[in-house]
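Student: The structure is given below, and queries will be raised subsequently.
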């Protein structure tokens, strides 16, 4: 069966919970062992002292390590990306930072795409260096040969340990070639050394793009966004092979950033409507983008559906990697910060708030909000200017969304 069908029941046995059609909330900190021998066996597996025997399952120990609500959620999330394992976190940033800390050590080099979400950018540029971890970045559109040269010029090519990319990029919708990024990782992986590729897939959610199918090793989500989809939960997720997720879960246990059972409940509920919501958001975004493309007060629209053969590699990557054009649109209003702020302040249906992927449409100003901590000169190079506005398209009736954008633009240009 398809994932959207399995979201209702996969990984849950009603007979183990008094026949309840939905999994109960296991609001407990610890679990009772049947015997001391059982407790010993559970801990041996949990702490990696031995591998599980054939047919043996990791028993319930303590909710920082495992909890039924989270295990069911993790099992269901693997279906969309066809991953072997999943680890759920209390936030998207906790998923990202745990991966970076697990696969990097002092002296290592990290290669990243740019732009990145502002929180990721801050952690990589201002926190990792405190641990002796360096980074180099490449811009969208640079060739594989140019990116390899960037790594070589760093003088630490032999220390490259991880590649971290975000595609589509927040907030420009620029695309990065996932397969090409893994080829770069393989180029520098010599003498048996493994260089992993991690992809932040938040902008496309688990329905519209599947990085693992394009040779990524790990896929990351702010599950707050499309997966949660209702602006009422903060969460993150990381998916990949059993081997790699075992490592991620190991560090998660000791950092203590495991999600709680209520997070599991809210995300499981949201998974049941995920595809229906995202299909509607993609359809609405197409209508909104068409309106913006024809509006005389809009300078440029950053939307995957605008890519044509003239855009070369970006067009080819979109066709190969993405199942739809997504639900995110950025645009440059004619003017500067004054006009952008007037637009945002005049919205009625669309809410002025950060985050994305929820049922309600949202608008924000990347240069002064989500990406304010990015170096100003770097922001300009990435086209994240004072006139850029980012829209997350919701599930409202598309004409109502368009009417709200139209009236706000009219007020902004007259301000």
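Student: Based on this model, can you work out whether residue 197 counts as in contact (Cβ under 8 Å) with a residue 40 or more places away in the chain and in contact with a strand residue (DSSP E or B) (Cβ under 9 Å, 6 or more places away or on another chain)?
Tutor: So residue 197 fails the test.
Student: Looking only at the stretch 133-160, how many residues end up being within 17 Å of residue 102 (Cα to Cα) and in contact with a helix residue (DSSP H, G or I) (Cβ under 6 Å, 6 or more places away or on another chain)?
Tutor: Final tally of qualifying residues: 2.
Student: Now a separate question. Determine if the stretch 39-52 includes at least one residue that is on the phi > 0 side of the Ramachandran plot, in contact (Cβ under 8 Å) with a residue 60 or more places away in the chain and out of contact with any strand residue (DSSP E or B) (no Cβ under 8 Å at 6 or more places or on another chain).
Tutor: The answer is yes; a qualifying residue exists.
Student: Okay, moving on. Taking the options 167, 143, name whichever one is closer than 25 Å to residue 300 by Cβ and surrounded by fewer than 19 Cβ atoms within 10 Å (Cβ to Cβ).
Tutor: 143
Student: When you scan the stretch 330-415 for helices (runs of 4 or more DSSP H) that lie fully inside it, which ones turn up with 1 or more residues that are over 29 Å from residue 139 (Cβ atoms)?
Tutor: The helices (runs of 4 or more DSSP H) meeting that bar are 337-346, 398-414.
Student: On the basis of being at pLDDT 95 or above and either over 27 Å from residue 272 (Cβ atoms) or surrounded by fewer than 19 Cβ atoms within 10 Å (Cβ to Cβ) (or both), does residue 206 make the cut?
Tutor: The answer is no for residue 206.
Student: Could you count how many residues in the stretch 133-185 are in a strand (DSSP E or B) and either more than 22 Å from the chain's Cα centre (by Cα) or more than 24 Å from residue 92 (Cβ to Cβ) (or both)?
Tutor: 2
Residues are listed down the side, and each one gets a yes or a no for (1) assigned by TED's automatic domain parsing to the domain that holds residue 387; (2) under 29 Å from residue 395 (Cα atoms):
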position: 186; (1), (2): no, no
position: 199; (1), (2): no, yes
position: 206; (1), (2): no, yes
position: 211; (1), (2): no, yes
position: 234; (1), (2): no, yes
position: 298; (1), (2): yes, yes
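Student: Based on this model, can you work out whether residue 346 counts as touching a helix residue (DSSP H, G or I) at 6+ places or on another chain (Cβ under 9 Å) and either in the same structural domain as residue 232 (by TED's automatic domain parsing) or within 23 Å of residue 207 (Cβ to Cβ) (or both)?
Tutor: no
Student: If the requirement is being in a helix (DSSP H, G or I) and on the phi < 0 side of the Ramachandran plot, which of these qualifies: 199, 207?
Tutor: 207
Student: Mind listing just one residue for me: the one in the stretch 232-276 that is in a loop (DSSP other than H, G, I, E, B) and buried (at least 16 other Cβ atoms within 10 Å of the Cβ) and, of those, nearest to the chain's Cα centre (by Cα)?
Tutor: This residue is 235.
For every residue, the table says whether it meets (1) touching a helix residue (DSSP H, G or I) at 6+ places or on another chain (Cβ under 8 Å); (2) within 30 Å of residue 139 (Cα to Cα).
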position: 37; (1), (2): no, no
position: 43; (1), (2): no, no
position: 65; (1), (2): yes, no
position: 77; (1), (2): yes, no
position: 81; (1), (2): yes, yes
position: 84; (1), (2): yes, no
position: 111; (1), (2): yes, yes
position: 117; (1), (2): no, yes
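Student: Could you tell me whether the stretch 376-386 includes any residue that is crowded, with 21+ Cβ neighbours inside 10 Å, outside the structural domain of residue 172 (by TED's automatic domain parsing) and in contact with a helix residue (DSSP H, G or I) (Cβ under 6 Å, 6 or more places away or on another chain)?
Tutor: Taking every residue of the stretch 376-386 in turn, none turns out to be crowded, with 21+ Cβ neighbours inside 10 Å, outside the structural domain of residue 172 (by TED's automatic domain parsing) and in contact with a helix residue (DSSP H, G or I) (Cβ under 6 Å, 6 or more places away or on another chain).
The values are calculated or read from the model by the stated rules, or taken from the named source; none is laboratory data. These numbers were taken from a predicted model, which means no experiment stands behind them. Cβ: placed from backbone, ideal geometry, glycine included. Neighbour counts: every protein chain shown.
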